[in-house]
1. Between Leu155 and Ala304, what is the FRET efficiency for a Förster distance of 51 Å, r being their Cβ-Cβ separation, to the nearest 0.05?
2. Arrange the following residues from fewest to most other Cβ atoms within 10 Å of their Cβ: Leu111, Leu194.
3. Report the trypsin sites (Lys or Arg not before Pro) located in region 124-194 that are in a DSSP loop and have at most 11 other Cβ atoms inside 10 Å of their Cβ, or state none.
4. Run the dipole for region 4-145 about the Cα centre, Lys and Arg Cβ at +1, Asp and Glu Cβ at -1, nothing else charged, and hand back the magnitude in debye, nearest 20.
5. What's the exposure ranking of His96, His252, His138, His165, going from fewest to most Cβ atoms within 10 Å?
6. Among Thr210, Thr60, rank each residue by its count of other Cβ atoms within 10 Å, from fewest to most, as a rough exposure measure.
7. Per residue of the chain, what 222 nm ellipticity follows from adding -39500 (n - 2.57) for every DSSP H run with n ≥ 4, rounded to the nearest 500?
8. Only loop residues by DSSP count here, and only those with at most 16 other Cβ atoms within 10 Å; note down the trypsin sites (Lys or Arg not before Pro) in region 79-114 that meet that.
Amino acid sequence: MPDFLQRISYFKENIAFICDDKSYTYAALLQSIESKRQSLQIPQGSIVAIVGDYSFAQITYFFALYRKKCIIVPILPRNMDFDVGEFGIEFILQVHNGAIKRVDSQKYELLQSLKDSKQSGLILFSSGSTGKPKAIVHSLDTFLAAYSAKKANPLRVLSVYLPDHIAGIDVMCNTLGGGGTLVIPKQRQPQFILSALKQYEIEILPASPTLLRLLLLSDITKYDLDSLKLVIYGSEPMSEALLASLHQALPHTNFKQGFGTSETNAMKTKNMQEFFKIVNASYKIVNNELFIKSPTQALGYLNADNSVFDEQGYFATGDLVEVREEEGQKYIKIIGRVKEVINVGGEKVLPQEI
């Protein structure tokens with residue numbers, strides 16, 4: 001199987017990326033990646049924070065570091081309010097000007113094992129329900145392999161998720177892996193998103209229910225969005241009333257529920273009303289809680305309890321689910337969250353349903 005960059009080289013003439021009203025072909029993207037790989041004064045296999053929002057430079061730095069088998073930590077500038085060295089980061093790369101800073105860092109066996117195996121890596125931060133950031137470590141080689149096997153699907157996709165979030169990275173890799181065009185709106189306010197949807201005749205919009213509600217409030221029906229084929233919603237619950245309003249406003253558009261976590265990546269799903277079936281990963285339900293084992297699953301946390309990954313490799317999502325069977329197929333619906341395990345008098349209290 002070709003690696004991810006070999007895969008996207010098949011689409012050289014296609015438009016890969018549109019940002020600030022500028023279009024870039026896959027050929028230009030690959031050329032820029034190789035140029036940055038050669039010029040970057042960062043040693044092979046380093047742990048690097050790339051600081052910046054989505055741009056052509058940010059994406060090319062991301063894949064240049066992947067090519068150099070680095071462990072990549074995407075961070076937005078506004079989130080640089082912590083000691084990066086605490087999470088093993090060795091270099092900080094500023095996307096807007098290419099400046100590189102060396103930092104002292106803590107050592108971790110998990111990161112060293114990635115280096116020793118000459119694999120690229122990805123570190124994402126998830127606050128979880130406690131608010132304490134968890135550093136989640138993925139093998140980026142394994143992560144991208146899932147997108148390298150995609151069928152060609154050259155559609156226009158609007159990216160509204162952030163580049164330091166699992167959903168943003170999934171949308172980017174999924175679009176490029178299929179030879180599609182990733183479009184970044186000038187800003188993430190509703191009027192800019194609606195304008196981009198119309199201007200670039202966007203066919204797929206992955207978005208949260210909160211954003212979709214804001215688009216409705218911004219009078220989505222005033223925009224000609226006949227090109228919009230599919231809205232994939234996720235990251236939070238979708239109310240039946242909101243979904244009905246969206247169907248009414250966009251009668252030509254299909255709506256599909258996505259599902260995923262920072263630890264497992266996005267799942268392929270099949271919808272049945274408000275229920276969905278997980279297609280490309282194993283799962284089990286223990287005491288009504290959903291456990292998932294995904295091909296693109298994280299290797300673990302740097303700074304948190306890894307017991308959420310059980311002895312069989314399943315990740316405890318913390319989601320409580322309801323199950324429905326239809327024609328011998330099991331579909332699930334997220335109905336709530338499991339409370340965090342807490343210590344009371346030095347003893348662990350089992351999670352309670354909420």
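1. Efficiency for this residue pair is about 0.90.
2. Lowest to highest Cβ neighbour count: Leu194, Leu111.
3. Listed in order of number, the matching sites are Lys151.
4. Dipole size: approximately 300 debye.
5. Listed from fewest to most nearby Cβ atoms, that is His252, His96, His165, His138.
6. Arranged by neighbour count, lowest to highest, Thr210, Thr60 become Thr210, Thr60.
7. The helix-only estimate for the chain comes to -7500 deg cm²/dmol at 222 nm.
8. Lys107
All of the numbers you see were taken from the coordinates with simple rules; none came from a lab. Owing to the predicted nature of the structure, the values given are computational and were not obtained by experimental measurement. With ideal geometry, Cβ positions are generated from the backbone for all residues, glycine too; neighbour counts draw on all protein chains shown.
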